[in-house]
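S.K.: What follows is a single structure, and I will ask about it in a moment.
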Amino acid sequence: VKHSTARKMKASTMGKTLLQAHILLCLTSQLCAAFSMSTPSFSNPKGCGAKPYEKKNVAILGCGGYLGAMAYGYLQRAGSLYGTGIAGLKSPRSITATAIGSMNLNSVLGKHFVLAQADESFVKLTDMTSCESIATRLQGMDAVIMCTRFGLENRPVTANTYEKTPNDKTKEFYMDKPARSSIAMEDSMEYSHMLVDNTLEACKMVGIQHVVVVETDSQFDRAAEVTASNIDKLNAAGIAYTYVRPQGELKNFRDHTYIKGIQQHMTVSKSDFSANTAGSTQSIYREDLSAMMVQSLISLDWTQSRCLDVHSDGELADNLKTADRPDTQWCMNSAVYGKVLEQLN
């Protein structure tokens, strides 16, 4: 009887152990599956995606503009997924001049990124006429996204920020144009150049590792020839850069959301500066260009500098579109741009 009882107890113990092992295996498999679903796939990234555990903080200038706000939204999503190398706790950081920039940013986020938002801890109101003010706002950042020509709007300085008198005025700046057409926008090449110069100086002061610069002058002045002078500024600053020249007019894709993702296939090549950025008749969607900016941080080596021409090849073919769930991707179909960019490393 004793031996029989002992055998039964031993069998019962083994059964419990096997059951526990089976449950643990199932849980492990489910966790691995969930993790793989939340991890974007990249073939061979050389940017921050190469070491995704080293999260990089990114700041964007002019997020009150539609192009800047879309880039912010994509960065925000990329920071929520492991594998991108983009930080999601202290960044992305929006650099604007007044509270109206924050309001416009959140308007775009709420509409195009399913009720996303950027609270005041992620938005820094900045005196862009002061290199020291910009440098303070860029503390703790690793990379900066900016453009070369900003849409401008005269605004009162937001109370309790950097005003010296209650009636102080400043210029809100938009990358590249405001999201709302009702805004009375002005253009000043000189003011935009001042913003670029001050920002590059501030980047040097705080040790920014990489800047992504989108050439937007041709969106305001079709005859603008600014690439060479802008590249000279970047080289003089001594900061590694990715300079993007969209070859064609920028336009918006109607009713876009991150779930719809990339709409155009792009050809990206290293620029020889010979082509005028307004020369192409094929328009480029701002939504796609903003995704390209974010993907460049993930895919391209931050230690290298490059100037890239970006052309639209028309609508993205169905066989290139992903079947993955939208909640597993920071931008649907972004892997297409990843493959294009990684060939340039």
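S.K.: State all residues of region 126-150 that are farther than 16 Å from Met194 by Cβ and hydrophobic (A, V, I, L, M, F, W, C); if no residue qualifies, say none. Let's see the steps before the verdict.
M.R.: In the first step, residues of region 126-150 are kept if they are farther than 16 Å from Met194 by Cβ; the result is 136-145.
Selection gives Leu138, Met141, Ala143, Val144, Ile145.
S.K.: Within region 83-96, does at least one residue satisfy the condition of being of a type in the set (A, V, I, L, M) and over 25 Å from Gly49 (Cα atoms)? Please lay out each step first, then the result.
M.R.: So in region 83-96, the residues of a type in the set (A, V, I, L, M) come out as 86-87, 89, 95.
The next check asks that each one be over 25 Å from Gly49 (Cα atoms); those that pass are none.
Taking every residue of region 83-96 in turn, none turns out to be of a type in the set (A, V, I, L, M) and over 25 Å from Gly49 (Cα atoms).
S.K.: Does region 172-191 include one or more residues that are under 19 Å from the mean Cα position of the chain (by Cα), closer than 28 Å to Asp301 by Cα and of a type outside the set (A, V, I, L, M)? Before you say what the answer is, go through the steps one by one.
M.R.: Of the residues in region 172-191, the ones under 19 Å from the mean Cα position of the chain (by Cα) are 173-179.
Okay, now just the ones that are also closer than 28 Å to Asp301 by Cα, so 174-176.
Subset that is of a type outside the set (A, V, I, L, M): 174, 176.
Within region 172-191, one or more residues are under 19 Å from the mean Cα position of the chain (by Cα), closer than 28 Å to Asp301 by Cα and of a type outside the set (A, V, I, L, M).
Residue-wise test of (1) among the hydrophobic types (A, V, I, L, M, F, W, C); (2) closer than 24 Å to His112 by Cβ.
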{"position": "Asp187", "(1), (2)": "no, no"}
{"position": "Glu190", "(1), (2)": "no, no"}
{"position": "Gly207", "(1), (2)": "no, no"}
{"position": "Val244", "(1), (2)": "yes, yes"}
{"position": "Gly248", "(1), (2)": "no, yes"}
{"position": "Thr257", "(1), (2)": "no, yes"}
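S.K.: How many residues, within region 282-305, are open to solvent by 10 Å² or more (accessible area, probe 1.4 Å) and either at positive phi or out of contact with any Lys or Arg (no Cβ under 6 Å at 6 or more places or on another chain) (or both)?
M.R.: 7
S.K.: Moving on to the next point. When you scan region 106-118, how many residues do you find that are of a type outside the set (Ser, Thr, Tyr) and within 16 Å of Asn252 (Cβ to Cβ)?
M.R.: Going through region 106-118, the residues of a type outside the set (Ser, Thr, Tyr) turn out to be 106, 108-118.
In the following step, the residues that additionally are within 16 Å of Asn252 (Cβ to Cβ) were identified as 108-109, 111-113.
So the answer is 5.
S.K.: Give Ala78, Ala59, Ala87, Ala50 a once-over and let me know the one that is within 14 Å of the chain's Cα centre (by Cα), of a type in the set (A, V, I, L, M) and surrounded by fewer than 24 Cβ atoms within 10 Å (Cβ to Cβ). Explain how you work it out, then say what you get.
M.R.: Numbers: Ala78 fails: surrounded by fewer than 24 Cβ atoms within 10 Å (Cβ to Cβ); Ala59 fails: surrounded by fewer than 24 Cβ atoms within 10 Å (Cβ to Cβ); Ala50 fails: within 14 Å of the chain's Cα centre (by Cα).
Result: Ala87 is the single residue among Ala78, Ala59, Ala87, Ala50 that is within 14 Å of the chain's Cα centre (by Cα), of a type in the set (A, V, I, L, M) and surrounded by fewer than 24 Cβ atoms within 10 Å (Cβ to Cβ).
Let's see how each residue does on (1) in contact with a Gly (Cβ under 7 Å, 6 or more places away or on another chain); (2) at positive phi:
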residue: Tyr72; (1), (2): no, no
residue: Tyr82; (1), (2): no, no
residue: Gly85; (1), (2): yes, yes
residue: Gly88; (1), (2): yes, no
residue: Arg93; (1), (2): no, no
residue: Ala99; (1), (2): no, no
residue: Phe113; (1), (2): yes, no
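The values are calculated or read from the model by the stated rules, or taken from the named source; none is laboratory data. Because the structure is a prediction, the values reported are computed rather than measured. So basically every Cβ, Gly included, is an ideal-geometry build from the backbone, and we count neighbours across all protein chains shown. Just so you know, the surface numbers come from the protein's heavy atoms only, side chains and all, with ligands and any DNA or RNA stripped out. Shrake-Rupley method; radii C 1.70, N 1.55, O 1.52, S 1.80 Å.
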